[in-house]
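Every read-out reported here was derived from the displayed coordinates using simple, explicitly stated rules and does not represent laboratory data. What you are looking at is a predicted structure, and each value in this text was computed from that prediction instead of being measured. Here the Cβ positions follow ideal geometry from the backbone for every residue, glycine too, while neighbour counts run over all protein chains shown.
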Amino acid sequence: ESALYIVPTPIGNMQDITLRAIEVLKNATLIAAEDTRHSKLLLDHIGVKGTRMISCHDHNEEQRVEIIKNEIEKGGAVALISDAGTPLISDPGYRVVSLCAKQNVKVVPLPGPCAAITALEMAGLPTDSFLFAGFLPVKDKELREKISTLTANSVTTVFYEAPRRVKNTAKVMAEIIPEHDICVCRELTKAFESAYRMKVKELPSFLEEDENRTRGEFVLVVGPAPTKESEEVDEKVVVALKKLIETS
Ligand code: SAM
């Protein structure tokens, strides 16, 4: 059917592409990709060859809308993909969808791989309510502001982070939110997939101990702000344990 299809692609494990995503990509008359060269590898893998492709990234999204709209109006099907995971989620696509929707172009979203959701599946932190915060700012002042405002809520917060910045982010978080729980999800769906669960204050030295721990791709999942109550319970447990040790 003629429409703009939003198609998630794997975040590391090729097996994670859905049957529906393969079908949509096979039937597409035009594929709009964040990086056409990068996406050719995936398309080759699933046997999609020769489909017309255009690039669609942060710097040309708006111009691309015209081409996409024309293709759909003449009966074509357009698939939008990004380098990995779900388009629009810390990836290009939002402006295309917004402009297409305004011009009554049919938009069909497909569910599929997304690093944020995969990390929540792994972290073991509350998932009843969470905030997706995307990438943190690079500048120190903004970084600190963002960390303190975003994590002040009683919900879990999910951050994307680049490997070259993860140590610094850990250090800053340890200053601002030392008692929060964190799960660092590394290399999700890949060979070296790992979860590092601890208090934020323990993270900087943990990362320093072994340089492999800062290699690859990361999602940082920060638990809700610890409540007074939970801190009091922790203190009571410590007191009780000390007594037990003294009397044994
Ligand atoms: N659209 C993608 C999605 O749905 O997750 C996210 C794209 S964003 C440009 C890339 C960031 O996502 C990485 O810097 C990392 O924080 C996170 N990410 C992507 N793949 C990952 C993986 N396999 N393991 C851990 N984090 C990943």
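Estimated at 0.36 nm per residue, the fully extended path between S248 and E1 surpasses their Cα-Cα distance by 81.6 nm. Annotation for the stretch 174-210 versus the stretch 76-107: alpha-carbon center distance of 33 Å. Distance from the Cα centre of the stretch 109-133 to that of the stretch 214-242, in angstrom? Taking the Cα centre of the stretch 214-242 as reference, the centre of the stretch 109-133 is 20 Å away.
So if R0 is 25 Å, what FRET efficiency would K49 and E73 give, r being the distance between their Cβ atoms, rounded to the nearest 0.05? After rounding, the FRET efficiency stands at 0.45. Taking the inverse of the mean reciprocal distance over all distinct Cα pairs, the Kirkwood hydrodynamic radius of the stretch 191-248 comes to 14.6 Å. Exposed loop sites, defined as trypsin sites (Lys or Arg not before Pro) outside DSSP H, G, I, E and B with at most 14 other Cβ atoms within 10 Å, are absent from the longest region of the chain, namely 140-189. Given a Förster radius of 22 Å and the C-beta distance between A195 and V233 as r, what FRET efficiency does 1/(1 + (r/R0)^6) yield to the nearest 0.05? Approximately 0.35, to the nearest 0.05. Modelled label positions at S205 and N60, each set 7 Å beyond Cα in the direction of Cβ, lie 5.1 nm from each other. Across the stretch 80-89, computed HN-Hα scalar couplings (Karplus, 6.51 cos²θ - 1.76 cosθ + 1.60, θ = phi - 60°) run 9, 10, 10, 4, 7, x, 8, x, 6, 8 Hz from first to last residue, x flagging Gly and Pro. Taking the number of Cβ atoms within 10 Å of each Cβ as an exposure proxy, the fewest-first ranking of L244, L131, L99, L203 is L244, L131, L99, L203. Here's how it looks for A32: its modeled amide H is under 5 Å from those of I54, A79, L80, I81, which are all 5 or more places away or on a different chain.
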